[in-house]
Amino acid sequence: MLEVSAALKQGQITPTELCQKCLSLIKKTKFLNAYITVSEEEAFKQTEESEKRSKNEQSLGDLDGIPIAVKDNFSTSGIETACASNRLKGYIPPYNATVVQKLLDQGELLMGKTNLDEFAMGSGSTDGVYSKQYREKRKQNPHSKNEDLDWLITGGSLGGTAVAMSAFTCYVALGSATGGSTRNPAAHCRLVGFKPSYGLVSHHGLIPLLNLMNVPGILTRCVDDAAVVLSVLAGHDTNDYVSKLCIEIPKEYLVPELSRAKVIEVSIPHTSYSIVCYHVLCTSEVTLNMARLDGLQYGHRCDIDVSTQSMYASTRQEGFNDVLRGRILSGNFFLLKENWENDFIKAQKVQRLIANDFANAFNSGVDVLLTPTILSEAVPYLEFIKEDNRTRTVNMAGLPAVSVPAARPNQGLPVGLQLTGHAFCDQQLLTVAKWFEKQVQFPVIQLQELMDDFSSMITQGASLKNLKHPKPEK
């Protein structure tokens, strides 16, 4: 991103040319199903303003004229925000999420809204309404070798956003991070995925999954870019009740010599309980958050008018997918009076124990924790197993974490290393991540390499006509 920004400032490329290039790539890579909505008209309006500033030498900074993509669970004024769900189909927010507005204020160009699991509930980006065609084919013949199903999972829930970044349709991307939704796809798609400390970046305008764990995440191609974006997004927001007072995140930072760093093993003993704990807390909050989507004010509403109760039930049956309905049922069970103490309250206590485990590790003199981001490289869709327990404990503790490309084992597919830092020591964490990135020198994906791959796919007769961008059913 910073290289492109320098090219814009030096006049080597104009904002219009860059915007046109990205929009052209979006059309060429439509079969990747990365975007739900392409905001071409808005992008050109923003480009015109950036062009004027460029000609008058009044650039707003490093992000001016840079194309961005936003996960479809962030509110965007005048642009549909449906969370990849029939339930919110047609919903157009009257305002921008705080993080979106901050980036637009810096002159960035919004290319569009990207694909995800419905309401960000998933770890493979396969459960959204725009992925329905693949799920139906899998149900019809789960053991089929159909080429339409012979593709790799990009991770989730912001898999569409990661694909948009990897396909060079944008240079910065925003996503939500609840249990690994940013770091998981970053590891699969050789990107840098950063989850800030809980409360450092406003989540006002982010349609929530878990209020107590949700934070906006950042996807870039290198650590420097993530640091620049964080310096813009960090800060207090009066619209966000958990937003902390402004903590300065400088755009520039020194990379120290870490060759004398000592590596030791530490224990986070309650990690084994994280999956069950997360499930209880997640489904309970999902139940409460989805209760507001009753069909009365916005989004999908069924035609049944026998009674209000029937309308509620049918609207939610038609609007939510199986995954979401299952979580709502589980959440209602955990929130029952007879289960409250034994399930929900106990899960909250386990969450506190996990947070204490991290605190004890850091208090022992540890500055940064290192773990794999994911358990394996990307797997084919037919072999996909939802598995992301390496990342969700960090969200439970509210800590900052970043996934950095680290290796390409076995099939040559990328995997990432996760670095976790002290709460609100995001700058220190990115400093260490920058040092690690410098040591590993993992090859950055190049645009020409990407285009060669696309040409090869077409030459080999990939049935792109069978992978048309699906639209949600009415």
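Taken together, the values in this text are just the output of simple stated rules run on the coordinates, not laboratory data. Being a predicted model, the structure only gives us computed values, none of them experimental. We place every Cβ from the backbone using ideal geometry, glycine too, and count neighbours over all the protein chains shown.
Using just its DSSP H runs of length 4 or more, each adding -39500 (n - 2.57), the chain gives a mean residue ellipticity at 222 nm of -11500 deg cm²/dmol after division by all residues. Taking the Cβ-Cβ separation of Leu60 and Glu341 as r and a Förster radius of 60 Å, what is the calculated FRET efficiency to the nearest 0.05? Once the sixth-power term is evaluated, E becomes 0.70. Computed from the C-beta positions of Ser376 and Asp150 and an R0 of 22 Å, the FRET efficiency is 0.80 to the nearest 0.05.
How would you classify the chain from its alpha-carbon gyration tensor, with a ≥ b ≥ c the square roots of the eigenvalues: rounded for a/c under 1.5, else prolate if a/b is greater than b/c, otherwise oblate? It is rounded, given that a/c, with a ≥ b ≥ c, falls under 1.5. Taking packing as the residue-averaged number of other Cβ atoms within 10 angstrom, the listed peptides 114-127, 299-312 run from highest to lowest as 114-127, 299-312. Among residues other than Glu57 with Cβ under 13 Å from its Cβ, the summed charge is +2 (Lys and Arg +1, Asp and Glu -1). Paramagnetic label reach from Ala313 (point 7 Å along Cα→Cβ; backbone nitrogen cut-off under 14 Å): within the range 320-335, no residues. Classify the range 389-434: rounded, prolate or oblate, from the alpha-carbon gyration tensor (a ≥ b ≥ c, eigenvalue square roots; a/c under 1.5 rounded; otherwise prolate if a/b is larger than b/c)? Since a/c reaches 1.5 but b/c is at least a/b, the shape of the range 389-434 is classed as oblate. Around the amide H of Val172, modelled in the peptide plane, lie the amide H atoms of Ala69, all under 5 Å away and 5 or more residues distant in sequence or on another chain.
In the structure shown, the pairs Lys45/Lys71; Lys55/Lys434; Lys30/Lys55 are assessed against 24 Å; a Cα-Cα span above that value is assigned to Lys55/Lys434; Lys30/Lys55. Mean separation of Cα pairs under 8 Å and 6+ residues apart, divided by the residue count of the chain: what relative contact order is that in percent? Reported as a whole number, the value is 18 percent.
Taking θ as phi - 60° and the Karplus parameters 6.51, -1.76 and 1.60, the scalar couplings of the range 117-127 work out to 5, 3, 6, 6, 9, x, 10, x, 6, 10, 10 Hz in sequence order, x denoting glycine and proline. Label positions at Ala359 and Phe384, each projected 7 Å from the Cα along the C-beta direction, are separated by 3.8 nm. Spin-label model, Lys262/Asp367: points 7 Å from Cα along the beta carbon direction are separated by 1.3 nm. For the residue pair Thr238 and Ser272, what label-to-label distance in nm results when each label sits 7 Å from Cα along the Cα-to-beta-carbon direction? Reported label-point gap for Thr238 and Ser272 is 5.0 nm.
Pop the C-beta distance of Val306 and Asn211 into the FRET formula with R0 = 41 Å and round what comes out to the nearest 0.05. The formula returns an efficiency of 0.75 here.
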